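We did not get these values from a lab; they are worked out from the coordinates using the rules stated. Computed from a predicted model, the values in this text were never measured in an experiment. Cβ placement follows ideal geometry from the backbone for every residue including glycine, while neighbour counts extend to all protein chains displayed.
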Amino acid sequence: MMRLIWTLEVLLKFAWDFCVAVLQVVSWVFRPNRSMKPAIVRLPLDIKSEWGVWWLSLIIFLIPGSMVVRVRLDLGLLYVHLLHTDDADKDMQILKSRFEHKLRLILGEVKS
């Protein structure tokens with residue numbers, strides 16, 4: 001039952017983040033004078049399973065303005081391209097707290 005709740009929570013957070021990111025990207029397109037700060041950021045992973053890394057990568061890829069450019073399972077790292085960031089470390093912590101921990105719970109890697 002808890003896995004279902006966590007799964008729904010991840011889906012709702014993803015839907016929210018997707019909508020917000022779409023609006024941000026549209027605003028960047030229609031107001032090109034804004035200075036953008038793209039970055040490629042290293043995201044250390046706590047998630048261990050390949051399936052979990054795949055799901056996390058998919059979530060990141062589907063959110064407009066972000067994309068996984070490299071996966072290093074041997075080192076437990078994702079390299080993520082962000083179209084714009086003011087604080088890359090903060091953005092990575094948000095990804096970890098919003099999605100990675102819940103995915104680990106869903107996959108049974110950690111206990112609640």
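General remarks:
- Taking amide hydrogens as placed 1.01 Å from N in the peptide plane, the amide H of LEU77 sits under 5 Å from those of LEU45, ARG72, each at least 5 positions away in sequence or on another chain.
- Available extension along the chain between TRP51 and LEU4 is 15.2 nm, counting 0.36 nm per residue and deducting the alpha carbon span.
- When the helices of the chain are scored as -39500 (n - 2.57) per DSSP H run of n ≥ 4 and the total is divided over every residue, the value at 222 nm lands at -16000 deg cm²/dmol.
- With the convex hull of its Cα atoms as the shape, the chain has an orientation-averaged projected area of 6.8 nm².
- Taking GLU50, GLU9, GLU100 and counting other C-beta atoms within 10 Å, the order from fewest to most: GLU50, GLU9, GLU100
- Remark: spin-label model distance LEU62-ILE40 equals 2.6 nm, labels positioned 7 Å along the Cα→Cβ axis.
- Figure legend: label point modelled 7 angstrom from the Cα of LEU12 along Cα→Cβ; residues of the stretch 71-112 with amide N under 16 Å from it are 98-99, 102-103.
- Put in line by how crowded their Cβ is, counting other Cβ atoms within 10 Å and starting with the fewest, THR7, THR85 read THR7, THR85.
- Here r is the Cβ-Cβ distance between ARG72 and PHE30 and R0 is 25 Å; the resulting FRET efficiency, rounded to 0.05, is 0.10.
- Membrane-span-like helices in the chain, defined purely by DSSP H runs whose alpha carbon atoms cover 15 Å or more axially and whose average Kyte-Doolittle hydropathy reaches 0.5, are 2-30, 50-62.
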